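The values are calculated or read from the model by the stated rules, or taken from the named source; none is laboratory data. Bear in mind the structure is a predicted one, so any value in this text is a computation, not a measurement. Here Cβ is always computed from backbone atoms with ideal geometry, including for glycine, and neighbour counts include all displayed protein chains. Each accessible area value is taken on the protein alone, full model and side chains, heavy atoms only, with ligands, DNA and RNA left out. Shrake-Rupley method; radii C 1.70, N 1.55, O 1.52, S 1.80 Å.
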Amino acid sequence: MEASRREFIKASAVATVAGVACAKAAGREQEDEVTWTKTVCRFCGTGCGVQVAHRGDRLVALRGDMEHPTTKGLVCAKALFLPKIVHSPDRLTTPMVRKGDGFEPISWDSALDLMADKFAEAIRAHGPDSVAYYGSGQALSEESYMANRLFKGGIGTNNVEGNPRLCMASAVGGYVSTFGKDEPMGCYDDIWEARTFFLVGSNTAECHPVIFDQILAAKQMKRNINIIVLDPRRSPVVSAAHVHLNPIPGFDLPVLHSMAHCLIRDGKYDRDFIEKNVQFKTVQDGQPASVSFEDYVKFLDDFEPQRASRLSGVPAEAIEQAAALFAMGPTMSFWTMGLNQRTTGVWANNLMHNLHLITGNICKPGATSFSLTGQPNACGGVRDTGSLCHILPYGRVVANADHREQMEKLWGAKPGTIKPTPGLNTIELFKALGRDEIQALLVLCTNPGQSIPNLHVARDAMGKPRANKPFVCVLDAYPTRTTELADLVLPAAMWSEKSGVFGMSERRYQYQPVMKNAPGGARPDIDILFEFARRLESRGVVPKGYTKFTDVDEVWDEMRHASEGTPYDFMGMTRDRLKVERGLRWPCPTEDSPGTARRFTKGEDPLLDTGHYADHTLQQGEAKFYAAPDNKAIVWLRPAKGPAEPADDEYPWVLSTGRVLEQWHTGTMTMKAEELRRAYPACFMEINPRDAQKLGVRSGDPVRITSRRGEATIAARVVDIPRDGMVFVPWHWADEASLINYVTIDAYDPGSKQPEFKICAVKLAKA
Ligand code: SF4
């Protein structure tokens, strides 16, 4: 397996650099016979700019877009196979309705009528909260906005969720609780300015490979670059690291506090920045309470390196070394699921921001705390449009009466339609579906039949036959482990077959145009949503005329107006601009604004120059956290709590899940490319040689992995990557034995409601 994977990656790397290898592989095609169109990659939140060659209804090649301002022509192996994936022969092309154990075709009109009838019946009989929407960080921004608008403002339920709850909710919680509003202040340009990189719970080399390529390129250019890695796996990023902090899974909070302790103890903090821009808070009796810098210093005394080492398993010297390198700013931190998918995810995010705030390593070139996004549009589509159960578009929340009123007015909803309390979060939503309290569910562009932790609950809820079983309608482009559970499956258009905007990790909104027709009867999701909404209007459960749009461009225009005057303001991002430019980063309040590289920084953020947040007393380059209370970001004193289910005598191993370079999420798309499948033909369980010996397993031996919730049987891969006592399984494979989410835990962070995919206790046995 190893040799073939290396060969594959090498070949892919050549293709990446050449940028045109796929076109050459497509051979036969002459450049002058095809049209090259700029667009954006369909996979991760790096948001690489790509160009696609197409002729008629065929995509024939893909290359990196050399004119893209931040990704500069780089793409990874997954993107190169997008044309092949789009043309996969198993694309869904006809609406299908359940008949017994199988499906039969149904016309679009009948399918949409059935869908509207089921939702209307549920709303009439049981009220608006008996229906729900479960969307995706892969849906276009306009699609998420439209669904959110329909359910919250039209139907009157906040049961609007999506898979970003599984990947980014803790990052949102971290940004909002520290800075007052979501999303990073820095950008990818900072990679070229940073001196130290801190990679936390992020296998950047495999999950955001273009970002990692750029870090390596920066390291090669400048040579004095430092890389610190905090991760219980020796993932490929460790090969470039100067320090590897290797904690017991889930026990890394003491390490972050200890780094802060060392920085302050050694005088490597920025007193002036702290005085101007930072406040300190703890929680007392369940309420936030202000404390002083001195209180914070005292709190950190509990995390001097020797004690942090005992709590975390990381050597004290490594913590000292990491703190010293962090202080050699400018420092750019990247993190992803290792930090977010935890019951302490928000706190862990707060602690990352703490390090940047106390050292003033923020809002300056090369200095920023930056959460990387796993999906292409979790940021722009779900976080920014407010398409989760507790939020509303562009930084608003359902709990705020002014925010509800603003959105009701803009949407033309009846006053009082938007409920003041959050709807059901993802885990609770599927539980409620299993109890038949949700009677109709719409799933769009995602695969909860594979991706939800403690998966039996979600699969039974969606698919188990029973009297009064809820109605489940799924929109997708491919058959998945979710479509097999649905009552109605609607075939959706794919990337390149519909137009709209993706917003990636650095606040850049990028337009993707139509290049071909969808196959058969597949239709753009937004058209399906329009038709569904109008049918709900005609059935009297949504006010008549509420769905005023005739095309997707009109939805974008309303979105721009929804952002106006907020810290997200992108009024200047007209459709015409986005069609021509390689994306724009918000805030971008006017049509002559070039967008914003660094938020909250005078001279870069246009909102500090005009309008509500303007401040003419600031000097160029000074920071002002205008979205935070009193304009000061918060350093939180958070307890160093461990995971919900650490290893114990009965379940003595820790299971962690994640991704590999060649596959993406539930594999619905990337498994279509044989070249990508070849890298890892089957699922595997990574175990280090010491633990493998204890267990008596060798590479290839099947191992039964059992938790308190379920089991999976997966072949061992003995490799010195996971920490002692830990195994790692990627979650891409859909065959029944490899569904690792039968094993994972659905305990979630009380703040972000994000489940703890990264840590649960298991027992292992040779199968
Ligand atoms: Fe696509 Fe992410 Fe790879 Fe870029 S790094 S090409 S966005 S999968």
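Some points to look at:
- Selection count, the stretch 165-210, where residues are assigned to a helix (DSSP H, G or I), within 16 Å of the ligand (Cβ to nearest atom) and closer than 30 Å to Q450 by Cα: 7
- Whether a residue is outside the structural domain of T482 (by TED's automatic domain parsing), open to solvent by 20 Å² or more (accessible area, probe 1.4 Å) and more than 30 Å from Q287 (Cβ to Cβ) was assessed, and E662 does not pass this test.
- Hits in the stretch 622-675 - residues which are in contact with a Lys or Arg (Cβ under 6 Å, 6 or more places away or on another chain) and among the charged types (D, E, K, R): E622
- Total residues in the stretch 70-108, condition at pLDDT 95 or above and within 16 Å of the ligand (Cβ to nearest atom): 16
- Test: residue in the stretch 337-358 that is within 16 Å of the ligand (Cβ to nearest atom), open to solvent by 10 Å² or more (accessible area, probe 1.4 Å) and modelled with pLDDT of 95 or more: yes
- When the strands (runs of 3 or more DSSP E) confined to the stretch 393-510 are screened for residues that are in contact with a helix residue (DSSP H, G or I) (Cβ under 9 Å, 6 or more places away or on another chain) and over 30 Å from I745 (Cα atoms), those reaching at least 1 such residues are found at 488-491, 500-503.
- The set of residues in the stretch 240-260 that are more than 30 Å from D648 (Cα to Cα) and crowded, with 24+ Cβ neighbours inside 10 Å contains only A260.
- Of all residues in the stretch 19-69, those that are at pLDDT below 95, within 16 Å of the ligand (Cβ to nearest atom) and in a loop (DSSP other than H, G, I, E, B) total 2.
- Every condition in (1) at pLDDT 95 or above; (2) outside the structural domain of F179 (by TED's automatic domain parsing) holds for C363 except the one numbered (2).
- Within the stretch 278-335, the set of residues being touching a helix residue (DSSP H, G or I) at 6+ places or on another chain (Cβ under 7 Å) and among the aliphatic types (A, V, I, L, M) comprises V278, V297, L300, A308, L311, V314, A316, I319, A322, A323, A327, M332.
- Test: A533 is within 27 Å of F570 (Cβ to Cβ), of a type outside the set (V, I, T), surrounded by 15 or more Cβ atoms within 10 Å (Cβ to Cβ) and touching a Ser or Thr at 6+ places or on another chain (Cβ under 8 Å): yes
- Candidates D557, D553, D527, filtered to the one that is open to solvent by 20 Å² or more (accessible area, probe 1.4 Å) and free of Cβ contacts under 8 Å to residues at least 12 places away in the same chain: D527
- Taking residues in the stretch 77-101 that are within 24 Å of L488 (Cβ to Cβ) and among the polar types (S, T, N, Q), and partners anywhere that are within 13 Å of the ligand (Cβ to nearest atom) and open to solvent by less than 40 Å² (accessible area, probe 1.4 Å), the pairs with Cβ atoms closer than 9 Å and at least 6 places apart or on different chains are S88/M669; S88/A673.
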